[in-house]
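S.K.: Just dropping this structure here.
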Amino acid sequence: MKTYTNTGNKDTRSGFGAGLTQLGQTNEKVVALCADLIGSLKMDDFKKNHPERFFQVGIAEANMIGMAAGLTIGGKIPFTGTFANFSTGRVYDQIRQSVAYSDKNVKICASHAGLTLGEDGATHQILEDIGLMKMLPGMTVINTCDYNQTKAATIAIADHKGPVYLRFGRPSVPNFTPEDQTFEIGKALQLIEGTDVTIIATGHLVWEALEAAKALHEQGISAEVIDIHTIKPLDDAAILKSVEKTGCVVTAEEHNYMGGLGESVARVLALNHPAPQEFVATQDTFGESGTPAQLMEKYGLNSASIIKAAQKVVGRKK
Amino acid sequence: MSNTQQLEDLTTQVRRDILRMVHKVNSGHPGGSLGCAEFFVALYNEILDRKDTFDMDGIGEDLFFLSNGHISPVFYSVLARAGYFPVEELNTFRLIDSRLQGHPTTHEGLPGIRVASGSLGQGMSVAIGAAQAKKLNNDNHLIYSLHGDGELQEGQNWEAIMYAAGNKVDNLISTIDLNGQQIDGSTDTVLPLGSVKDKFLAFGWTVVEIEQGNNIEAILKGMADAKSKTGQGKPVCVLLKTVMGNGVDFMMHTHAWHGKAPNDDQLAIGLEQNAETLGDY
């Protein structure tokens, strides 16, 4: 079984910051906006290197989204930065009308997504943002799994014409994807080949899926692990190819089961190849204060939950 | 350049267009459209330094953003008569498969529209972004925007108003249509705005007042004054005092025609009060 090495824990938001720094040097059209969270979003370097292309908008996210839409008129490629909660729910109608419906080339970059935001608690731990964003026609939705992938995705979305929601997180997590990768929007990555069950994970749950696959292997269950970094457009073909082989699937995400990756996968299967599926996700609940690890355990979003779900779904195969 | 009579003739024709468009589909917003007819005619025929052809980026020309998108009838009529698309297309307003949606949108590719509007309070932010893009592009042209007075009740405006002053967005002229009316009644009864002038001044804007917002010459003079005040470190706000429903006597000075179309008889009266000048579409 293929194994992956953690080259050292790093936060995905720093991957975003590094990607933005690189874009600042390579693409003059890229501009950045931030709503009073420069340090949290790791946008300091871009601000320092390109003050004329950086817009501090203050605690005013609605204005930030509208300004980003306006900046595209004249050829700029705006990257907005704030927490996932304030990047989506707070400004949904601004995104809907001024960005998505108006087909503006805005990159909405959202940190501190999900439970792993930790101690700040449920007011800031959005678990609904993937659903909100994927429902908008024309919106590309990406949820990256580690530092290297987040950096590569940040660079890649600058070349994609159209609105993008890029979701990443706060904590330091294993960094295991290649440093020099090319990020291909909409392309699922098969990380481990297997035959008994497909584990489709996104974001922080990808590493947990790899850990789960190792444990399952020792139990004699061969798990295929797929990293879905792009939730929309979804790589239907990769999902079907795998599930047609394994016959069942576990989806894993740091998000409510409603509106998340799991439901998108379920749709693909229902239309093409119905198969048993288990959902590793939050169960229509808000989060709470705690450390990221405590929260991921309490809400069932770790490798142990994936292992249990895999055992269960294999048992459901006829 | 046109003379005042030509602009007034065009305005009369635009009023006819507005009435006929909303009457045909028995929906749309004639009141605010009629109130801003002179402003739009002056803007697109005298004030904007614009190209004849449309491209989204609009580099090297002045740009206009309509924030209160429900007054789409006046916008569409003036755009069509300025040559952005055939005037015959006004026939398709609010019909299925039309580029002339109920509220303006880029989605159907209608030339002249740069952002969707209708959900209120978003246009000033977009205008500020476009103004900042102009500066980055070393493009000395101006950004114009129009907003309803009732629309100022949306909080996003005040984020934008604060930003524009704080960041010296001085290539922006935002006009507020001060007609004192909104859907449910007068702005004073629905949610009092207080002094819009004092508010903009307190936020650090330059304010220009146009007392006769339905008089072409007054508009041209006021907007020239506003233009002369750009480039001085402050955004410019124009307070345009208009009469909702202007030019159709029974529609004037009331909120009743904010979002209501005239019936056949009412249309006939409205058209009688605005005789055909340049030819109906």
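The values are calculated or read from the model by the stated rules, or taken from the named source; none is laboratory data. Only a predicted model underlies this, so the values are computations on that prediction, with no experimental measurement involved. Because the Cβ atoms are built from the backbone with ideal geometry, glycine has one as well, and the counts that use them run over all protein chains shown.
S.K.: Any residue at all in segment A:40-54 that's away from every other protein chain (no Cβ under 14 Å), in contact with a Lys or Arg (Cβ under 6 Å, 6 or more places away or on another chain), outside any strand (DSSP E or B) and over 28 Å from A:Thr285 (Cβ atoms)?
M.R.: Yes.
S.K.: Right, something else. Which one is farthest from the other protein chains (Cβ to nearest Cβ), of the residues in segment A:55-75 that are touching a Phe, Trp or Tyr at 6+ places or on another chain (Cβ under 8 Å) and surrounded by fewer than 24 Cβ atoms within 10 Å (Cβ to Cβ)?
M.R.: The residue in question is A:Gly58.
S.K.: Moving on to the next point. Name the one entry in B:Asp62, B:Asp17 that is within 14 Å of chain A (Cβ to nearest Cβ) and touching a Phe, Trp or Tyr at 6+ places or on another chain (Cβ under 7 Å). I'd like the intermediate steps shown before the answer.
M.R.: Details: B:Asp17 fails: within 14 Å of chain A (Cβ to nearest Cβ).
Just a single option satisfies the conditions, and that option is B:Asp62.
S.K.: Please specify each residue of segment B:103-116 satisfying the condition of being more than 7 Å from chain A (Cβ to nearest Cβ) and not β-branched (Val, Ile, Thr).
M.R.: We begin by selecting, within segment B:103-116, every residue more than 7 Å from chain A (Cβ to nearest Cβ); these are B:103-104, B:108-113.
B:His103, B:Pro104, B:Glu108, B:Gly109, B:Leu110, B:Pro111, B:Gly112 - these are the residues of segment B:103-116 that are more than 7 Å from chain A (Cβ to nearest Cβ) and not β-branched (Val, Ile, Thr).
S.K.: In this structure, is A:Ala237 closer than 20 Å to A:Lys187 by Cβ, in the same structural domain as A:Thr198 (by TED's automatic domain parsing) and either free of Cβ contacts under 8 Å to residues at least 40 places away in the same chain or in contact with a Cys (Cβ under 6 Å, 6 or more places away or on another chain) (or both)? Even if it seems obvious, please write down each step before you answer.
M.R.: Numbers: closer than 20 Å to A:Lys187 by Cβ: yes; in the same structural domain as A:Thr198 (by TED's automatic domain parsing): yes; either free of Cβ contacts under 8 Å to residues at least 40 places away in the same chain or in contact with a Cys (Cβ under 6 Å, 6 or more places away or on another chain) (or both): yes.
For A:Ala237, the condition - closer than 20 Å to A:Lys187 by Cβ, in the same structural domain as A:Thr198 (by TED's automatic domain parsing) and either free of Cβ contacts under 8 Å to residues at least 40 places away in the same chain or in contact with a Cys (Cβ under 6 Å, 6 or more places away or on another chain) (or both) - is met.
S.K.: Look through segment B:126-150, keep the residues that are at the interface with chain A (Cβ under 7 Å from one of its Cβ atoms) and small (Gly, Ala, Ser), and return whichever of them is farthest from B:Thr187 (Cα to Cα).
M.R.: Looking only at segment B:126-150, we keep the residues that are at the interface with chain A (Cβ under 7 Å from one of its Cβ atoms), and these are B:126-130, B:132-134, B:136-137.
Checking the rest, the ones that are also small (Gly, Ala, Ser) come to B:127, B:129-130, B:133.
Working: B:Ala127: 24, B:Gly129: 28, B:Ala130: 29, B:Ala133: 34 Å.
The extreme case among them is B:Ala133.
S.K.: For segment B:240-273, name all the residues that are outside any loop (DSSP other than H, G, I, E, B) and buried (at least 20 other Cβ atoms within 10 Å of the Cβ). Even if it seems obvious, please write down each step before you answer.
M.R.: Narrowing segment B:240-273 to residues outside any loop (DSSP other than H, G, I, E, B): B:240-241, B:249-251, B:264-272.
Once the filter is applied, which keeps residues that are outside any loop (DSSP other than H, G, I, E, B) and buried (at least 20 other Cβ atoms within 10 Å of the Cβ), segment B:240-273 yields B:Leu240, B:Met251, B:Gly270.
S.K.: Look at A:Arg90 and say whether it is within 8 Å of another protein chain (Cβ to nearest Cβ) and either at pLDDT below 95 or over 22 Å from A:Gly19 (Cα atoms) (or both). Step through it out loud before you land on a result.
M.R.: Details: within 8 Å of another protein chain (Cβ to nearest Cβ): no; either at pLDDT below 95 or over 22 Å from A:Gly19 (Cα atoms) (or both): yes.
No: the conditions fail for A:Arg90.
S.K.: Please give the strands (runs of 3 or more DSSP E) falling wholly within segment A:222-318 in which 2 or more residues are in contact with a Lys or Arg (Cβ under 9 Å, 6 or more places away or on another chain) and among the β-branched types (Val, Ile, Thr).
M.R.: Numbers: elements: A:223-227, A:230-232, A:249-256, A:277-282.
Result: A:230-232.
S.K.: Right, another one. Given the conditions (1) touching a residue at least 40 places away in the same chain (Cβ under 8 Å); (2) touching a helix residue (DSSP H, G or I) at 6+ places or on another chain (Cβ under 8 Å); (3) small (Gly, Ala, Ser), report the number of the one that B:Gly155 does not fulfil.
M.R.: It fails just one condition, (1).
S.K.: Separate question: Could you check, for segment B:78-93, whether at least one of its residues is modelled with pLDDT of 95 or more, under 12 Å from the mean Cα position of the chain (by Cα) and in a loop (DSSP other than H, G, I, E, B)? Reasoning before the result, please.
M.R.: Step one: list which residues in segment B:78-93 are modelled with pLDDT of 95 or more, which gives B:78-93.
Now drop any that are not under 12 Å from the mean Cα position of the chain (by Cα), which leaves B:78-79.
Cutting the leftovers down to in a loop (DSSP other than H, G, I, E, B) gives us none.
No, that holds for no residue.
S.K.: Let me ask something additional. Please indicate, with yes or no, whether at least one residue in segment A:19-31 is among the β-branched types (Val, Ile, Thr), away from chain B (no Cβ under 14 Å) and not in a loop (DSSP other than H, G, I, E, B). Lay out the reasoning, then the answer.
M.R.: Keep residues of segment A:19-31 that are among the β-branched types (Val, Ile, Thr), which gives A:21, A:26, A:30-31.
If we keep only those that are away from chain B (no Cβ under 14 Å) as well, we get A:21, A:26.
Next, from what is left, pick out any that are not in a loop (DSSP other than H, G, I, E, B): A:21, A:26.
Looking through segment A:19-31, at least one residue is among the β-branched types (Val, Ile, Thr), away from chain B (no Cβ under 14 Å) and not in a loop (DSSP other than H, G, I, E, B).
S.K.: Something else now. Among the candidates B:Gly155, B:Gly213, B:Gly123, which residue alone is under 16 Å from the mean Cα position of the chain (by Cα) and within 14 Å of chain A (Cβ to nearest Cβ)? Before you say what the answer is, go through the steps one by one.
M.R.: Values: B:Gly155 fails: under 16 Å from the mean Cα position of the chain (by Cα); B:Gly213 fails: within 14 Å of chain A (Cβ to nearest Cβ).
Just a single option satisfies the conditions, and that option is B:Gly123.
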